[in-house]
Amino acid sequence: MTKSFRFVWLMMAVLACVFNAPVAGAQEKELAAKKPLCVLFVGNSQIFYNDLPRLIETLSESAPAGQPRISADRAVAGGASLESLWNRGEGKGTAREKITSEKWDFVVLQEIYNVKPDSFTKHARLLDELIRKNGSKTVLLSTASISTLYPKGFQDLHEMHVALGKELKVPVAAAGKAWLSYWGDSASPEQRLGLYDPDKAHPGKKGSYIYACTLYPILTGHSPVGLTHRLPKQPEETLSPAEAKQFQEAAWRVHQEINGK
């Protein structure tokens, strides 16, 4: 091979790499966009009431093309604290086994409303360490408190989660704060109960919708404003588009305040 021919061949190879690189990069991005985010929910009945994992999937399915879709699963037990879930060990069907059995993009940790702060911080740290070792990212979900503890129960849960979120450098889905933001300062007791299940302790369908809207920007990096108002397996009139927009805006407002995005 002559020097001149070798030079021409080399230049052609370089040009081929230059012009093909954007195409390859675009293909990789397209494939990544099509792959759903895998999310595991760890907690208690605040998650399985109204099937929060399925609700967050539904929101993602309504997003514009190119935005992430979500595939969600759960490891929950009624009345469970993070301490009780941790203490169940690593056997089959436990939260710890579920965390390490698959490669999750995110693991959402949700604590019971009446937890003692020391228990929360200790066991959320332990779970966060396990989550990181598995190559996943932790999200702290701060829920609403029971109706009889309004507003102090909300504030205590919120402050506890935000403090630990800063320590661990993980995002906080401040769902309870989003409820407060939606209510404002002048909501009547009847208006407040509109977000609860009839038992006045668990989220109703609208309350769970706010939970999902608060989680959505953390998981996807996009605002929930403009997503569907439809709730899975519920009549279309369960939530009006105008009401959904108010919930979305409250969740987005609180997300920007807490997570700085």
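The values are calculated or read from the model by the stated rules, or taken from the named source; none is laboratory data. Every value quoted in this text rests on a predicted model; they were computed, and no experiment measured them. Positions of Cβ are generated from backbone atoms using ideal geometry, with glycine treated the same way; all protein chains shown enter the neighbour counts.
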Identify the residue in the stretch 138-180 that is part of a loop (DSSP other than H, G, I, E, B) and within 23 Å of HIS123 (Cα to Cα) and, among all such residues, is farthest from the chain's Cα centre (by Cα).
ILE146
Might you check whether a residue that is surrounded by fewer than 19 Cβ atoms within 10 Å (Cβ to Cβ), free of Cβ contacts under 8 Å to residues at least 40 places away in the same chain and assigned to a strand (DSSP E or B) occurs anywhere in the stretch 38-47?
no
Identify all residues within the stretch 181-204 that are hydrophobic (A, V, I, L, M, F, W, C) and either assigned to a helix (DSSP H, G or I) or under 19 Å from ASP51 (Cβ atoms) (or both); write none if there are none.
TRP183, LEU193, LEU195, ALA201
Conditions (1) under 18 Å from the mean Cα position of the chain (by Cα); (2) loosely packed, with under 15 Cβ neighbours inside 10 Å: number failed by ALA95:
(2)
Check ASN87, ASN134 and return the single one that is over 23 Å from LEU219 (Cβ atoms) and of a type in the set (S, T, N, Q).
ASN87
Positions within the stretch 92-119 being more than 22 Å from PRO53 (Cβ to Cβ) and out of contact with any Gly (no Cβ under 9 Å at 6 or more places or on another chain), in sequence order
LYS116, PRO117, ASP118, SER119
Can you name the condition, by its number, that ILE146 falls short on among (1) closer than 27 Å to GLY204 by Cβ; (2) touching a strand residue (DSSP E or B) at 6+ places or on another chain (Cβ under 8 Å)?
(2)
Yes or no: the stretch 129-140 includes at least one residue that is surrounded by fewer than 16 Cβ atoms within 10 Å (Cβ to Cβ), within 26 Å of ALA244 (Cα to Cα) and touching a Lys or Arg at 6+ places or on another chain (Cβ under 7 Å).
no
Answer yes or no as to whether ALA242 is closer than 12 Å to THR143 by Cα, out of contact with any strand residue (DSSP E or B) (no Cβ under 9 Å at 6 or more places or on another chain) and surrounded by fewer than 22 Cβ atoms within 10 Å (Cβ to Cβ).
no
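On the basis of being over 22 Å from ASN134 (Cβ atoms), assigned to a helix (DSSP H, G or I), among the charged types (D, E, K, R) and at pLDDT below 95, does ARG6 make the cut?
yes
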Among the residues of the stretch 58-92, write down those that are in contact with a strand residue (DSSP E or B) (Cβ under 8 Å, 6 or more places away or on another chain), under 26 Å from LYS116 (Cβ atoms) and surrounded by fewer than 18 Cβ atoms within 10 Å (Cβ to Cβ).
none
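Filter the stretch 116-137 down to the residues that are in a loop (DSSP other than H, G, I, E, B) and more than 19 Å from the chain's Cα centre (by Cα) and list them by number.
First, the residues of the stretch 116-137 that are in a loop (DSSP other than H, G, I, E, B): 116, 134-136.
The answer is LYS116, and nothing else.
Kindly establish whether GLN67 is among the polar types (S, T, N, Q), over 20 Å from LEU109 (Cα atoms) and modelled with pLDDT of 95 or more. Outline the logic, then answer.
Numbers: among the polar types (S, T, N, Q): yes; over 20 Å from LEU109 (Cα atoms): yes; modelled with pLDDT of 95 or more: yes.
It is true that GLN67 is among the polar types (S, T, N, Q), over 20 Å from LEU109 (Cα atoms) and modelled with pLDDT of 95 or more.
Residue by residue, here is whether (1) in contact (Cβ under 8 Å) with a residue 12 or more places away in the chain; (2) assigned to a helix (DSSP H, G or I); (3) acidic (Asp, Glu) holds:
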position	(1), (2), (3)
ARG54	yes, yes, no
THR58	yes, yes, no
PRO64	no, no, no
SER71	yes, no, no
ALA75	yes, no, no
GLU83	yes, yes, yes
ARG96	yes, yes, no
THR100	yes, yes, no
Residue tally, condition surrounded by 18 or more Cβ atoms within 10 Å (Cβ to Cβ), over 14 Å from the mean Cα position of the chain (by Cα) and part of a loop (DSSP other than H, G, I, E, B), over the stretch 205-227
1
